[in-house]
Amino acid sequence: MPLNRRRGSWGRFSGLVYVVPAVAVFGLFTAFPLVENVLWSFYHVTLTGKDFIGTAHYRQLGSDPVFQTALVNSLLWIVLTIAAQMTLGYGLALLVEDHLVFGRGFFRTLFFVPMVITPSIISIVFTTLYAPSYGAVYGLWEALLPNLPFPGLLSDPNLVTFTLIGVNVWQWTGFFFLLYVAGLSQIPVEVREAARVDGAGFVPLSTRVYLPMLRPTHLTLLLLGTVQALQQFPLVYLITGGGPDNASQILGTDIFQEGFILNHLGYASTIATVLLILALVLVVLQLRLFGGRFTVSQRTLE
Amino acid sequence: MRSASRRGSWVAQAVVTLAAVVFAVPVIYMVDMALRGPAQSFSPRFITGAPTLSNFVTVLGHLSLLRYFFNSTFVAVSTTVLTVVIGSLAAFAFSRLRVPFERVLFPLLLAELMVPLASLLIPLTVLLKFLGLVNTEWGLIGPYTAIGIPFALVVFRGAMDDFPAALEEAARIDGCTDFQIYRRILMPLVAPAVMVVAIWQFLFSWNEFFLALVIVTRNSVKTLPLAPLAYQGDFMTSPGELFAILTLIAIVPILVYSLLQRSFVQGLTAGGVKA
């Protein structure tokens, strides 16, 4: 079969059959809806048909306070979740990999456990933990600070987004931790030994030696963390539904509300297009700023 | 090996242990709530005494829970198999064969990693409705596979590129076809990468909530992430039973991951041979 021979008559098409399934699935379930979504943002879409309305939806964004709250909150999510997850993940990875007396395998497993629990369970557990009067956090607060009023972790509009971000950090730190574990394991032993012989302590070793060497891991986590924060939906939807009074809306929940609750399909597509553009701009910006490589465990790909 | 360079410190041990306890609090709390009798159900204490298994006995009578498990298993296993097969075939072509428009196609497939699901969810829902896939398992399996392929492609290509072309030259001279080289030579070599992709994809499709919420409304098709919502109403007055259900649902992926944790981490760190 000439198809199977690299330098056969099929020449540059020898690999075509092998990529067809991937391209087909990608085209049908990703590329097509993605293009549709951008198109729809210029239409008034109903279940029966659609009317072209130009950029009206985009102008509508300017006078939509819920969208603006959602946008600001989503940006806040990106910055705070990545900062916290990187710091905690990196610190824990260093300690677990290099400084433990015992239990390395156990801790590697334990910190990743939140990642394997479905968000609908996490949501109910945290809602109960934070509940006034019967939640365990309330109980702890009453025991330690009986004279101060219990803060409305999920009911105070100024606090709620931070509370939710905290839940995300609880869940995703293990992922950051594990990628740092993978990254650290690829730093040659000689480097560690040499640095130690030179008398480098924990802080200089971790900040001046390992930190720059883990650059590919940082970039990967920065990119994946950005997209993860932008695609967050279940925690907010299930814990607060975007409330109180839309204070905790993020782009994902706003799209859901406009598209699936209010049936504003065209307008929801507009917000979704903004989300897509935001993701692409941030990714390109990060690649430009920090070097254009994307890797999983130090393997670089163009 | 690295162990030679390691020197433990009790300070580090204490810090990590403390962090682990903090991280474990929500999970311990979930189990404790499930073990409480009705009298302690609404107690704000973190751990109450007198644990009882009665909540588990009650909820195990609800056989509907089994259906959610079955649906999730079917969806997650199908997605995982499809993602591994489709992803590795494509990675093989990009790594070893000639693909037309390779320089456009590969980055395009990878770019999907950076596309948030919400930015295509609305047309995707309409498309699935058009295809008759709403309220079917395949309405989830298809998109989940599409979402998983870019990550599979990165991991498989990285692993395959580690092996020099000389590896299969001899086999080619002996008359091996491309597919035999993929199946008999490369796939066994990239087994650690298969583990990483399979575990990741299984966990992702086992836990995915957003798409499941909008695509599946019929109870007989619902996957586990939707189960707590279905039961939340019924057990409003008896949180113990609700938390027993949550514990039963959570325990499966926790056990599976604990057993496979070693291969997952090894797969992530494999390739350390390469500079």
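The table that follows gives values for the structure above.
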{"quantity": "Least to most buried among B:88, B:95, B:78 (fewest other Cβ within 10 Å first)", "calculated": "B:78, B:95, B:88"}
{"quantity": "Cα-centre dipole for the protein assembly as shown with unit charges at Cβ (Lys and Arg positive, Asp and Glu negative), debye to 20", "calculated": "1460 debye"}
{"quantity": "Pairwise FRET efficiency - residue B:229 versus residue B:138, Cβ, R0 = 25 Å, nearest 0.05", "calculated": "0.65"}
{"quantity": "Positive-end residue of A:225, A:290, A:88, charge dipole of the range A:64-301 with Cβ unit charges", "calculated": "A:290"}
{"quantity": "Relative compactness, chain A, computed as alpha-carbon Rg over 2.2 N^0.38 Å", "calculated": "1.24"}
{"quantity": "Fewest-first ranking of A:57, B:62, A:218, using other Cβ atoms within 10 Å as the exposure measure", "calculated": "B:62, A:218, A:57"}
{"quantity": "Cα-based shape type of the range B:11-52, given that a ≥ b ≥ c are square roots of the gyration tensor eigenvalues and the cut on a/c is 1.5", "calculated": "prolate"}
{"quantity": "Largest-first ellipsoid semi-axes for chain B, taking √(5λ) over the Cα gyration tensor eigenvalues, angstrom", "calculated": "41, 28, 15"}
{"quantity": "Exposure proxy order (Cβ contacts within 10 Å, fewest to most) of A:150, A:177", "calculated": "A:150, A:177"}
{"quantity": "Cα-only radius of gyration and Dmax that characterise the protein assembly as shown, units Å", "calculated": "24.8, 84"}
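Since every read-out is calculated from the coordinates, none of them should be taken as a lab result. Predicted model only: the values in this text are computed from it and were never measured. Here Cβ is always computed from backbone atoms with ideal geometry, including for glycine, and neighbour counts include all displayed protein chains.
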